[in-house]
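The values are calculated or read from the model by the stated rules, or taken from the named source; none is laboratory data. Treat the numbers as computed from the prediction; the structure is a model and nothing was measured. Virtual Cβ from ideal backbone geometry, glycine too; neighbours counted across all protein chains shown. For the accessible areas, the whole protein counts, side chains as well, though only heavy atoms, and no ligand, DNA or RNA atoms are used. Shrake-Rupley method; radii C 1.70, N 1.55, O 1.52, S 1.80 Å.
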Amino acid sequence: MKALVMSEPGNVKMTELPMPEMKPDEVLVRVRAAGICINDVRDFKGECDYSYPRIGGHEFAGDVVKIGKYVTGWSVGDRVVSDNTAEACGVCAACAKGDYLNCNSRKAIGYPPHDGGFAEYVRIPGTILRLNPNSLMKIPPNVSYEEASILDPVCNAYQAVIQQSHLLPGDDALFYGPGPLGLFGVQFAKLMGCRNIIVVGTPSDKDIRLSVAKKYGATHILINGQDDIPARVREICGPQGLGTVFDFAGPAVITEQAIAMLRRG
């Protein structure tokens with residue numbers, strides 16, 4: 001099979017490799033689409049502490065092409081998208097709640113020793129299928145492979161905006177960072193019926209990302225470093241400010257700005 005192998009940061013080559021060797025409790029998926037995470041970009045730039053060589057790609061979707069003899073619930077031909085957890089201990093406080101992402105022993109698909117979806121085929125480990133059968137999910141007929149492959153970042157935005165924020169129809173919301181996560185968040189805020197959806201970006205975001213934000217529901221665009229963000233928010237939302245700020249960017253100054261524009265409580 002062909003695979004995109006990173007031998008060291010900055011050195012990536014399409015390589016012919018043997019098919020993955022499967023254990024009897026594992027599933028083999030033919031990859032149809034794979035998303036590129038910012039961690040993949042950082043890895044290429046040498047900003048991550050990973051071991052090499054490795055096959056990255058932890059956001060992928062495809063078809064089941066082979067199942068181990070101990071595997072149940074799956075059939076050859078199933079269209080699937082995978083969670084990116086490969087191993088978890090199953091006994092820690094996080095695992096007890098099904099929060100495998102926060103298991104201290106967690107290992108992910110796309111990071112050694114588990115090859116990822118930047119290849120024609122990827123092995124779904126039995127270690128995670130036994131612990132969490134829902135780590136592999138069927139794709140509905142109306143969802144494409146490309147759409148399914150980015151469910152990882154989509155679900156991050158879904159959790160922040162819908163599950164944790166307490167937003168209600170008619171509320172105002174502000175988003176720092178018009179990258180993929182922020183843009184997904186904007187769409188969820190629009191679906192939830194927010195009144196003012198304010199997106200804050202940088203001058204470099206103007207040409208593409210902020211225009212996409214407007215297309216997907218942003219009602220106001222502000223530029224950090226050019227606009228007085230808290231003052232403009234009070235103009236848009238009223239003197240009390242607004243109730244929710246989403247940080248999809250990360251710089252520490254966002255916390256200070258957010259406190260200045262959030263109403264009490």
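Looking only at region 37-63, count how many residues are open to solvent by less than 20 Å² (accessible area, probe 1.4 Å) and either in contact with a Ser or Thr (Cβ under 7 Å, 6 or more places away or on another chain) or without any contact (Cβ under 8 Å) to a residue 12 or more places away in the chain (or both).
Qualifying residue count for the region: 3.
The rows are residues; the columns are (1) part of a loop (DSSP other than H, G, I, E, B); (2) more than 19 Å from LYS2 (Cβ to Cβ); (3) under 18 Å from the mean Cα position of the chain (by Cα).
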site	(1), (2), (3)
THR15	no, no, no
PRO20	yes, no, no
LEU28	no, no, no
CYS48	yes, yes, yes
ASP63	no, no, no
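Any idea how many residues of region 82-94 are of a type in the set (A, V, I, L, M, F, W, C), open to solvent by 10 Å² or more (accessible area, probe 1.4 Å) and touching a residue at least 12 places away in the same chain (Cβ under 8 Å)?
Within region 82-94, the first condition is being of a type in the set (A, V, I, L, M, F, W, C), and the residues that meet it are 86, 88-89, 91-94.
Those left that are additionally open to solvent by 10 Å² or more (accessible area, probe 1.4 Å): 88-89, 91-94.
Keeping just the survivors that are touching a residue at least 12 places away in the same chain (Cβ under 8 Å) gives 88-89, 92.
Adding up the residues that qualify gives 3.
Just for region 180-219: of the residues that are β-branched (Val, Ile, Thr) and surrounded by 15 or more Cβ atoms within 10 Å (Cβ to Cβ), which one is farthest from GLY238 (Cα to Cα)?
Pass one, region 180-219, residues β-branched (Val, Ile, Thr): 186, 197-200, 202, 208, 212, 219.
In the following step, the residues that additionally are surrounded by 15 or more Cβ atoms within 10 Å (Cβ to Cβ) were identified as 186, 197-200, 202, 212, 219.
Working: VAL186: 21, ILE197: 14, ILE198: 13, VAL199: 17, VAL200: 18, THR202: 24, VAL212: 26, THR219: 15 Å.
It comes out as VAL212.
Exactly one condition in (1) in contact with a helix residue (DSSP H, G or I) (Cβ under 8 Å, 6 or more places away or on another chain); (2) among the small types (Gly, Ala, Ser); (3) modelled with pLDDT under 95 is not met by GLY98; state its number.
(1)
Hey, can you tell me all the residues within region 173-223 that are in contact (Cβ under 8 Å) with a residue 24 or more places away in the chain, of a type in the set (A, V, I, L, M, F, W, C) and in contact with a Ser or Thr (Cβ under 8 Å, 6 or more places away or on another chain)?
Once the filter is applied, which keeps residues that are in contact (Cβ under 8 Å) with a residue 24 or more places away in the chain, of a type in the set (A, V, I, L, M, F, W, C) and in contact with a Ser or Thr (Cβ under 8 Å, 6 or more places away or on another chain), region 173-223 yields ALA173, LEU174, ILE197, ILE198.
For region 12-21, indicate whether the set of residues that are open to solvent by less than 20 Å² (accessible area, probe 1.4 Å) and not charged (D, E, K, R) is non-empty. I'd like the intermediate steps shown before the answer.
So in region 12-21, the residues open to solvent by less than 20 Å² (accessible area, probe 1.4 Å) come out as none.
Checked against the condition, which is being open to solvent by less than 20 Å² (accessible area, probe 1.4 Å) and not charged (D, E, K, R), region 12-21 yields no hits at all.
Go through (1) aliphatic (A, V, I, L, M); (2) open to solvent by less than 50 Å² (accessible area, probe 1.4 Å); (3) in contact with a Leu (Cβ under 8 Å, 6 or more places away or on another chain) one by one and return the number of the condition LEU222 breaks.
It fails just one condition, (3).
Name the residues in region 26-36 that are open to solvent by 70 Å² or more (accessible area, probe 1.4 Å) and among the charged types (D, E, K, R), would you?
Within region 26-36, ARG30, ARG32 qualify.
Applying the selection to region 114-152, what residues are closer than 18 Å to ALA3 by Cα and aliphatic (A, V, I, L, M)?
ALA119, VAL122, ILE124
Please enumerate the residues belonging to region 235-256 that are without any contact (Cβ under 8 Å) to a residue 40 or more places away in the chain and buried (at least 16 other Cβ atoms within 10 Å of the Cβ). Can you show your working first?
Of the residues in region 235-256, the ones without any contact (Cβ under 8 Å) to a residue 40 or more places away in the chain are 235, 238-241, 251-253, 255-256.
Passing the criteria: only GLY241.
Which count do you get for residues in region 113-127 that are assigned to a strand (DSSP E or B) and farther than 13 Å from ALA34 by Cα?
Within region 113-127, the subset assigned to a strand (DSSP E or B) is 114, 119, 121-124.
Now restrict to residues that are farther than 13 Å from ALA34 by Cα: 114, 123-124.
Going through region 113-127 one residue at a time, the tally reaches 3.
Okay, residues lined up against (1) assigned to a loop (DSSP other than H, G, I, E, B); (2) over 26 Å from THR15 (Cβ atoms):
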site	(1), (2)
VAL31	no, no
SER51	yes, no
GLY56	yes, no
LYS66	no, no
GLY77	yes, yes
CYS89	yes, yes
LEU101	no, yes
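Determine if region 132-140 includes at least one residue that is under 17 Å from the mean Cα position of the chain (by Cα), under 30 Å from CYS194 (Cα atoms) and open to solvent by 60 Å² or more (accessible area, probe 1.4 Å).
No, region 132-140 has no match at all.
In region 68-81, how many residues are surrounded by 21 or more Cβ atoms within 10 Å (Cβ to Cβ) and over 20 Å from the mean Cα position of the chain (by Cα)?
Looking only at that region, the number is 1.
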